[in-house]
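Below: one structure, written as structure tokens.
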Amino acid sequence: MLRKVLIANRGEIALRVINACKELGIRTVAVYSEADRDSLHVRFADEAICIGPPRAADSYLNVPAVISAAEIADVDAIHPGYGLLSENANFAEVCRASNIKFIGPPPEVTRLMGEKDKARQAMKHARVPILPGSDGVVATVEEAQDWAKKVGYPVILKAKAGGGGRGMRIVRAHEELPNLFHAASTEAENAFGNGELYMEKFVENPRHIEFQMLADEHGNVVSLFERECSIQRRHQKLIEEAPSLKVTPRMREEIGRTLCHCLKEIGYQNAGTVEFLMDEDGQLYFIEMNTRIQVEHPITEAITGVDMVKAQLLIASGERLEAILPAKLEIRGHSIECRINAEHPQKFTPSAGKITVFHVPGGNGVRVDTAQYAESMVPPYYDSLIAKLIVHGRDRAEAIAKMERALSQFIVQGIETSIPLHRAIFADPGFRAGIFDTKFMENFLAEKN
Amino acid sequence: MKAQDIADLKQLIEFLKEYKVAEFDLDRGDLKIRLKFNPTEASSAGLADLARLIGSAPPAAAHAAISQPTPAPALQAVDPEAGLHLLKSPIVGTFYGSPSPGAAPFVAPGDHVAKGQVIGVVEAMKLMNEIESDVSGEIVKCLVSNGQPIEFGQPLFTIRQG
């Protein structure tokens, strides 16, 4: 078992990892920027080390500072959480070179999945369905035009080194392509330091379905079923649920088996999520893989009963999946998560500042993951997620009823939050009926105005 | 109590409330004060400011009880003597006061240093990073020991500028 772990993250996920460590008897080391001095993750860790000024680039993303802290605290391993350094293959390599266990896949696998065009090819090779598109990078506008003719408009140009919805442009007609090609390439260059693009067929109104995978260090891989994350605004997820209403048991079983085989082949280790688009005919297509724990992991925990973060720690300690997971994995009930953000519910402007009142809901099947508390500060330097509200019911109807009740009892004052927006979405007949795709939020917000 | 004492006391109480001090005792010979506030989370800052506020009382005679320790040293830590500059570490790592084991330390209390002069080394990731003084002046005190792990912003030296 790991003896001591440094959590290279902040906010609710840092606290989540600290909690799992404490429950396993692992000592915890928090790192923090000057802006997070009074944070809960700092307070509840066994040790805490200040690693820099508020800006993430100078603190949480500062690899030498994080590694130096790990060295002086003499830790066995680093858990990178999500975002920040979690998918940074260089960081994983530096950990390895410094004799610190990186809780995640080997750097080579992270690198493979980080290069989106290569990830596509690896999946294609393993017979995972992928969207029609270019064989790798599209180097010039001319090449792009050739591929677009083959694939058929509309197409989407995507950054090879990208993610999070940036460095992407949808092209619906031949004449638009040159300008959009340059726009995507420049955005990608600025955001990721790499302007290379690849191309995929663009699916107009897809649903976003993702599969949770776990792999140990002995070649065993398992699927913990899917999540649906179609309620998104500008590629940022707002609501997630498990299981998906649109995934049949047969699809679940087939995709699960194919992905297990694929991840075994590429030598995947630890937790990861494979993302798909589902077109209007219910067909699934691979888009990318995230080689880390995800924000919405609690809904999978709810329906499977498996503690994902503990599983990560146990896998990194060398345990086999058969010792970590129940003999038979089953889906039990239905779970939904709302991402509560510190932003104006209609204008979406970020709302930093001091929280004056913070009352979280409780009750049967209601979970809140948060690092905020009454009188805490929400600093302006980091992302706006301040809490995750997760419910679990025997079916989707009960989960919705619990979420509505819980949202009505979640009181936050001093800053703006997305709670009123979530309440409005849950009152929407389309959402309640499960009739939605990734265009839902755009239409919902247009109707409101 | 003299009118000035009352004015001082009011200022003192406001100061203590602002820094959430739990208890405060002062024995100045001519004046004894004991204050107790409602329990609340305290910060570890402000001891020296308290002493200054009281006037001629030596710092040792003023006690401020801190109700809860915080895990990190206060970045705003103020030195008991006014006007001293705190040199803080710009990186995380292990502090060394001399260029190699057994060698003479870079600086000692009383030494004059120029801005930019190397006054210590912080080892991070097997690299030795030279710490330069960011002001000119006299080294008053070294606040850390050789081989001590230090964090970003941790005070290393007090320097009297000039």
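The values are calculated or read from the model by the stated rules, or taken from the named source; none is laboratory data. All values reported here derive from a predicted model rather than from experimental measurement. Virtual Cβ from ideal backbone geometry, glycine too; neighbours counted across all protein chains shown.
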* **Unique match (being outside the structural domain of A:Arg292 (by TED's automatic domain parsing), more than 25 Å from A:Met308 (Cα to Cα) and hydrophobic (A, V, I, L, M, F, W, C)) among A:Ile72, A:Ile78, A:Ile26** => A:Ile72
* Of all residues in the stretch A:90-129, which are among the small types (Gly, Ala, Ser), free of Cβ contacts under 8 Å to residues at least 24 places away in the same chain and farther than 16 Å from A:Arg292 by Cβ? -> A:Ala97
* To do: Scan the stretch A:174-182 and give yes if some residue there is under 21 Å from the mean Cα position of the chain (by Cα) and either part of a loop (DSSP other than H, G, I, E, B) or not charged (D, E, K, R) (or both), otherwise no.
  => no
* Would you mention how many residues in the stretch B:122-162 are away from chain A (no Cβ under 14 Å) and of a type in the set (Lys, Arg)? => 2
* Structure fact -> Heads up, the strands (runs of 3 or more DSSP E) in the stretch B:109-162 (entirely inside) with at least 1 residues that are farther than 20 Å from A:Ile72 by Cβ and of a type outside the set (S, T, N, Q) are B:118-124, B:127-132, B:137-142, B:155-161
* Asked: Filtering the stretch A:94-117 down to residues that are touching a strand residue (DSSP E or B) at 6+ places or on another chain (Cβ under 7 Å) and in a loop (DSSP other than H, G, I, E, B), which residue is surrounded by the most Cβ atoms within 10 Å (Cβ to Cβ)?
  -> A:Ile103
* Quick check: anything in the stretch A:404-416 touching a strand residue (DSSP E or B) at 6+ places or on another chain (Cβ under 8 Å) and modelled with pLDDT under 95? -> no
* Selected residue [under 28 Å from A:Lys354 (Cβ atoms) and of a type in the set (Gly, Ala, Ser)] from A:Ala70, A:Ala30, A:Ala97 -> A:Ala30
